[in-house]
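Take a look at the structure set out below.
The values are calculated or read from the model by the stated rules, or taken from the named source; none is laboratory data. Given the structure is predicted, the values throughout are model-derived calculations rather than measurements. Ideal geometry is used to build each Cβ from the backbone, glycine not excepted, and the neighbour counts take in all protein chains shown. Remember, those area values only see protein heavy atoms, side chains included, never the ligands or the DNA or RNA. Shrake-Rupley method; radii C 1.70, N 1.55, O 1.52, S 1.80 Å.
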Protein chains: 2
Amino acid sequence: MKRPYHHGDLPAALLRAAGEILRSEGLPALTLRAVARRAGVSHMAPAPHFGDLSGLLSELAAIGYGLFNDTLRQAQDHPGHRSVPTATAHAYVAFARTEPAMFLLMFRSERLDFGRPALAAAAAEATRLLMRSLPANASKPDVPSPATLGRAVGQWSVVHGFAMLLIDGRLDGILAAPECDGDVDRLLDLALAS
Amino acid sequence: MKRPYHHGDLPAALLRAAGEILRSEGLPALTLRAVARRAGVSHMAPAPHFGDLSGLLSELAAIGYGLFNDTLRQAQDHPGHRSVPTATAHAYVAFARTEPAMFLLMFRSERLDFGRPALAAAAAEATRLLMRSLPANASKPDVPSPATLGRAVGQWSVVHGFAMLLIDGRLDGILAAPECDGDVDRLLDLALAS
DNA sequence: ACGCCTATCTATACGATGTATAGAACGGAG
DNA sequence: CTCCGTTCTATACATCGTATAGATAGGCGT
């Protein structure tokens, strides 16, 4: 049962290990050496595939954006009883709640390299999906009116800020209030209604 | 010109050095050893005063919240041509733009210890100021109506999300568009108008 | 005035991390 | 079959946070 010298598909195995560590132990535990340990290789094995740490984190974040985009797409295709923008907002917050560490990794650009094609494409697709959920400018869809632009940025900002504050525990006190009774979706609806 | 063995007021000197490093070199450069180096003491000198790293970061964040609260207060007392909530929003974003590293430190609770009285008090005062900028519930100011609660959380979320996305560079593409022409305040006004 | 006691600061050590480098093992091209 | 580049290992180094032990100084009781 000796592992062969060449792994076969080490990049995929490393990304899988990184994802597991990120989910189970959080962002601070996501180190290069820990990933290599979990994948059962030496701590310098990732180098030929990902370069340095930011390389691995960026590829992992690209995968995260892929899942994120899937979530947004599904919410927009099947908004249920909600409007499309509201459904998108709930999907956004739900992703941040389900995968908080991944969400933080994705929106913490300091350790990420957006020069990587995979990450750049996935992140661009995410913003495209977020902008799509808004009523387009009829005359020229490529050049949105200031009002449309403001609505897009405003919508994104509310949802992103809500998710960030929520993950950071800043809304815990408010969530405990009897008005929402710990119901995050209800509080989000209240916030969106303003 | 030999420095005495006992510094005199090492805690203040360390916090000053930490603030300088944070401003000039950013959050990742803010290490315990770097702070001690800049203050001219051994790297274990901070321990008796701040305990571990999170202690020093928390006290520095408390100072940051103090400046932040001053900014908010001044905007609310002298809103100028803007409404009080809008002036508060602009002050919020202006602080994040002027001191991005400090802003990130303050809203990155993972390395902070909110058990520290100074930090807990300063952060609580910040949320109080943010909630104050909204029309209070006339009948029972302590128990806000759901609509008021929603408006408070919504307002905070937009502004926080806008600031976070801005600092992270996520709005750079939109800012370059001709509608706002790089004017952050204008884009914020558009976002708030939605 | 004197001696101890505690807080403060230094020196040293240890494990962990990211990265650079050199060398070993493999796989495919000629 | 040989060579060569890719992949992986082994080792080394600087840096970080922290634990521990020892040096220094200021304050307090006597």
| request: May I ask you to report, in nm to one decimal and beginning with the shortest, the distances from residue B:73 to the same position in the other copies, taking label points 7 Å along Cα-to-Cβ? | output: 5.2
| message | On the rotation axis linking copies B and A, which residue of B comes nearest by its Cβ, and by how many whole Å? | response | B:161, 1
| query | Between Rg and the Kirkwood Rh of chain B, both from Cα atoms, what is the Rg to Rh ratio? | reply | 1.05
| task | Return the carbon/sulfur percentage of the accessible area of the protein assembly as shown, one whole number, probe 1.4 Å, all protein chains in place. | result | 56
| query | Using Cα atoms only, what is the angle between the long axis of helix A:10-25 and the major principal axis of chain A, expressed in degrees (0 to 90) to the nearest 10? | reply | 60
| field | Sites residue A:84 and residue A:31 - FRET efficiency at Förster radius 41 Å, r taken between beta-carbons, to 0.05 | value | 0.55
| task | Compare each residue of the range A:144-188 in its chain alone against the assembly with all protein chains, and report those whose accessible area goes down by 50 Å² or more; 1.4 Å probe, heavy atoms. | result | A:146, A:149, A:153, A:156, A:157, A:165, A:168, A:170, A:174, A:179
| said: Please compute the contact order of the range A:52-193 in relative form: average sequence separation of alpha-carbon pairs under 8 Å and at least six residues apart, divided by the residue count, as a percent. | reply: 28
| Rounded accessible area per residue of chain B, 1.4 Å, Å² | 48
| task | Relative to the longest principal axis of the C-alpha atoms of chain A, give the angle of the C-alpha long axis of helix A:53-77, reported between 0 and 90° and rounded to the nearest 10°. | result | 40
| query | Points 7 angstrom from Cα along the Cβ direction at residue A:53 and residue A:38: gap in nanometres? | reply | 1.6
| field | Exposure of residue A:102 as accessible area (Å², to 10), given a probe of 1.4 Å and all protein chains | value | 20
| query | Roughly how much of residue B:166 is accessible, in Å² to the nearest 10, using a 1.4 Å probe? | reply | 20
| query | Which FRET efficiency value, to the nearest 0.05, is calculated for residue A:185 and residue B:9 with the Förster distance at 35 angstrom and r the Cβ-Cβ distance? | reply | 0.10
| query | If you line up the long axis of helix A:84-98 against the longest principal axis of chain A, both from Cα atoms, how many degrees apart are they, to the nearest 10? | reply | 40
| Loss of accessible area when B meets A, both sides summed, Å² nearest 100, probe 1.4 Å | 3100
| request: Tell me the distances, shortest first, between residue A:117 and the same position across the other copies, using label points 7 Å along Cα→Cβ, in nm to one decimal. | output: 5.9
| request: Residues in the range A:93-112, backbone N under 16 Å from the label point at residue A:20 (7 Å along the Cα-to-beta-carbon vector): list them, ranges by number please. | output: none
| query | Distances from residue A:145 to the same residue in each other copy, label points 7 Å out along Cα→Cβ, in nm, shortest first? | reply | 3.1
